[in-house]
1. Hey, Ile241 hits all of (1) under 18 Å from the mean Cα position of the chain (by Cα); (2) closer than 24 Å to Met86 by Cβ; (3) outside any strand (DSSP E or B) but one; which does it fall short on?
2. Among the residues of segment 306-328, which ones are within 26 Å of Asp242 (Cα to Cα), outside any loop (DSSP other than H, G, I, E, B) and open to solvent by 40 Å² or more (accessible area, probe 1.4 Å)?
3. Quick one: Leu303 ticks every box in (1) surrounded by fewer than 18 Cβ atoms within 10 Å (Cβ to Cβ); (2) outside any helix (DSSP H, G or I); (3) modelled with pLDDT of 95 or more bar one, so which box is it?
4. Please specify each residue of segment 212-238 satisfying the condition of being open to solvent by 40 Å² or more (accessible area, probe 1.4 Å), under 16 Å from the mean Cα position of the chain (by Cα) and not hydrophobic (A, V, I, L, M, F, W, C).
5. Any idea which residue in segment 81-101 is surrounded by the most Cβ atoms within 10 Å (Cβ to Cβ), counting only those that are within 20 Å of Val161 (Cα to Cα) and among the small types (Gly, Ala, Ser)?
6. Restricting attention to segment 196-207, which residues are outside any loop (DSSP other than H, G, I, E, B) and either over 15 Å from Thr298 (Cβ atoms) or in contact with a Pro (Cβ under 8 Å, 6 or more places away or on another chain) (or both)?
7. Consider Asn321 against the criteria (1) modelled with pLDDT under 95; (2) over 24 Å from Gly111 (Cα atoms): it satisfies all of them except one. Which criterion is unmet?
8. I'd like the residue in segment 115-136 that is among the polar types (S, T, N, Q) and open to solvent by 10 Å² or more (accessible area, probe 1.4 Å) and, out of all such residues, is nearest to Tyr231 (Cα to Cα).
Amino acid sequence: MKKKLFAWAALGSLCLVSLAGCEKENTPTEAPASTESKEELTPVTLNEVAHSIFYAPQYVAIENGYFEEEGIDLTLVTGFGADKTMTAVLSGEADIGFMGAEASVYAYQEGANDPVVNFAQLTQRAGNFLVAREEMPGFTWQDLKGSDVLGGRKGGMPEMVFEYILKQNGIDPENDLNIDQSIDFGSTAAAFSGGQGDFTVEFEPGATSLEAEGKGHVVASLGVDSGYVPYTAFSAKQSYIDKNPDIIQGFTNALQKGMDYVQNHTPEEIAKVIEPQFTDTDLNTITTIITRYYDQDTWADNLIFSKESFDLLQDILEGANELEERTPYEDLVNTEFAEKAAE
């Protein structure tokens with residue numbers, strides 16, 4: 001079934017991705033053992049900003065053994081924040097990082113001698129939702145005027161996309177409502193459940209959990225209302241890419257296989273594959289969350305990070321006053337590997 005078809009300290013902003021991983025403290029399960037011996041595989045360490053159902057194609061690639069098929073012995077580490085993920089990449093602790101592409105822009109602005117280059121884009125929409133205390137069938141963004149909203153940290157994609165949507169709807173984020181950016185990204189759902197705020201901006205499973213508990217109702221998808229945004233991407237230091245083009249290509253090929261699977265299978269089938277990655281979440285909830293992302297066209301059919309997407313990213317950064325000057329697309333994006341994987 002064919003699917004319908006983001007310095008460094010400032011990078012903590014990407015907390016965005018509290019998501020499922022921020023409630024999961026165990027190390028994610030690794031891909032199943034391949035018939036090929038571990039000695040014949042090349043070890044690669046991937047540091048992801050968070051462990052989230054939002055990144056389903058990556059976990060499909062892990063659980064279905066696609067990395068082993070490409071000769072890679074993948075070790076997955078969750079950074080729990082883009083500052084930690086970026087530090088791991090720059091220090092060489094991780095070979096590849098997975099985070100918001102704005103992180104590479106921030107590092108570039110700081111004058112990194114060995115820039116971190118984005119070579120594959122995974123998600124093409126924001127992954128968070130606006131949750132209200134009551135059902136609001138006729139919700140419009142104007143309903144947020146005068147309200148208290150639990151938002152994300154300054155400079156992170158969740159908050160910047162939220163403010164981008166507000167501005168697109170004629171709402172001044174500083175004067176028309178109160179956005180609380182003081183709460184840790186993994187604690188907003190609990191704070192909302194405890195009575196703070198009129199609305200909260202939540203990733204999954206926070207949004208679905210609040211609904212299941214009768215503590216909140218999803219009234220809007222930031223992914224839908226912001227349009228196509230290059231939300232998360234895989235990146236590595238330019239020196240690593242130069243020295244290891246075959247590894248980057250194999251890694252991208254494995255991801256593309258995961259993208260292909262998601263494009264051609266139902267949310268129920270996808271949920272069953274990635275279930276081992278989320279042992280603290282029941283299968284029905286995983287399926288509900290995947291369906292939500294699936295229906296809003298979260299994943300494209302390829303990993304190519306287009307110039308149009310990078311320009312939009314910088315437009316959002318500029319609108320949030322987080323961009324000192326625009327960065328050349330060619331300096332921070334390499335589409336060679338994604339284009340070849342998509343062939």
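1. In the conditions (1) under 18 Å from the mean Cα position of the chain (by Cα); (2) closer than 24 Å to Met86 by Cβ; (3) outside any strand (DSSP E or B), Ile241 misses (1) alone.
2. Those that are within 26 Å of Asp242 (Cα to Cα), outside any loop (DSSP other than H, G, I, E, B) and open to solvent by 40 Å² or more (accessible area, probe 1.4 Å): Lys307, Glu308, Asp311.
3. Leu303 satisfies every listed condition except (1).
4. Tyr228
5. If we take residues in segment 81-101 being within 20 Å of Val161 (Cα to Cα) and among the small types (Gly, Ala, Ser), then Ala82 is surrounded by the most Cβ atoms within 10 Å (Cβ to Cβ).
6. Hits for segment 196-207 are Phe199, Thr200, Val201, Glu202, Gly206.
7. Of (1) modelled with pLDDT under 95; (2) over 24 Å from Gly111 (Cα atoms), only one is false for Asn321: (2).
8. Result: Gln124.
The values are calculated or read from the model by the stated rules, or taken from the named source; none is laboratory data. Just so you know, these numbers come straight off a predicted model, no measurement behind them. No Cβ is skipped: glycine too gets one built from the backbone with ideal geometry, and neighbour counts run over all protein chains shown. Ligands, DNA and RNA are excluded from the accessible area calculation, which covers all protein heavy atoms including side chains. Shrake-Rupley method; radii C 1.70, N 1.55, O 1.52, S 1.80 Å.
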